[in-house]
1. Residues in the stretch 1-21, backbone N under 15 Å from the label point at Glu216 (7 Å along the Cα-to-beta-carbon vector): list them, ranges by number please.
2. Estimate the FRET efficiency between Asn10 and Lys59 by the formula 1/(1 + (r/R0)^6), using the beta-carbon distance for r and 25 Å for R0, to the nearest 0.05.
3. Report the far tail of the P(r) of the stretch 194-235, meaning the percent of Cα-Cα pairs longer than 17 Å.
4. Give me the three principal axis extents of the chain from the C-alpha atoms, as integers in angstrom, largest value leading.
5. Heavy atoms only, probe 1.4 Å: what % of the accessible area of the chain goes to carbon and sulfur, would you let me know?
6. Using a simple charge model, +1 on the beta-carbon of Lys and Arg, -1 on the beta-carbon of Asp and Glu, nothing else, what dipole does the chain show about its Cα centre, in debye to the nearest 20?
7. For Lys180, go through the lysines and keep the ones whose alpha-carbon is under 19 Å away, minus same-chain ones fewer than eight residues off.
8. Work through the residues other than Asp76 whose Cβ is under 10 Å from its Cβ and net out their charges, Lys, Arg +1 and Asp, Glu -1.
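The values are calculated or read from the model by the stated rules, or taken from the named source; none is laboratory data. Everything quoted here is computed from the prediction, not taken from an experiment. Please note: Cβ atoms are built from the backbone with ideal geometry, for glycine as well, and neighbour counts cover all protein chains shown. All accessible areas refer to the heavy atoms of the entire protein, side chains included, with ligands and DNA or RNA removed. Shrake-Rupley method; radii C 1.70, N 1.55, O 1.52, S 1.80 Å.
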Amino acid sequence: MLQLDKVSVNYGSFRALDNVSIHAKQGELVVLLGANGAGKSSIFLTISGLNKAASGSIKFGGKELVGMKPSQIVHDGVVHCPEGRKLFPGMSVMKNLMLGAYVHRKDKEGVQRTLEEVFELFPILREKRDVNAGALSGGQQQMVAIGRALMGRPKALLLDEPSLGLAPLVVKQMFEVIEKINRAGTTVLLAEQNAFAALKIASRAYVIENGHIVMEGTRDELLNNEQVRKAYIGA
Ligand code: ATP
């Protein structure tokens, strides 16, 4: 269980997150909906220890993450796949993937097993393993980004805008893969502009506006909510 309790984050004098309380139970796929700048990435950066919370608590499996080093948070099973992929374009697919396994580097056999799992999920990455990440299509680069996160063996995977900038058919495949990862037992926290597709595979969702959680509900509650439909689904 991942639980944020009254988490606030400031950038200088600007309060980006104000008393945010959200949770994801083990095995859930929880969606964060919100416009650009609402605070979704700030939530992920704070969970993964890259942003400092001004106040509040973030617990995973009962353990407090606030104050822990980012590498320790990955080691404990919470792995962040950032918005914009953040790959190393001049490095091969293989090297990018292996960076995700850094915290497990002493467990060579385990890393090899996880790599096989990633290649099973994304067969194209096996073919392109020696190609520089920068030479791949947008969809393939997103696969590398998700694959790299999976190399960290997440119990909880934080996915920030995985469908951003991808062609519709590729977006559809991306959501199928996310659903598959979740069905295999990984808890997923997913921030998406593509609200309809995200809600369809969600257990529950939150809506964030200007750093505040303004709504929370099950997939069906949010899909049927008129405000949500107007603001995020365009129907
Ligand atoms: P997007 O999808 O556009 O990234 P978001 O919902 O993820 O949007 P955040 O990136 O979390 O939003 O940003 C929340 C607010 O904090 C925005 O107003 C943004 O401009 C501001 N912000 C984010 N990072 C910083 C920073 N390093 N310094 C100052 N302000 C920041």
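1. Counting only backbone N, you get 1-8, 18-21.
2. That pair, Asn10 with Lys59, gives E of 0.75.
3. 20
4. Its Cα atoms span 46, 41, 32 Å along the three principal axes.
5. Within the chain, the accessible surface is 51 percent carbon and sulfur.
6. 520
7. Here the lysines satisfying the reach criterion relative to Lys180 are Lys25, Lys155, Lys172, Lys200.
8. Spelling it out: positives minus negatives among the neighbours equals +2.
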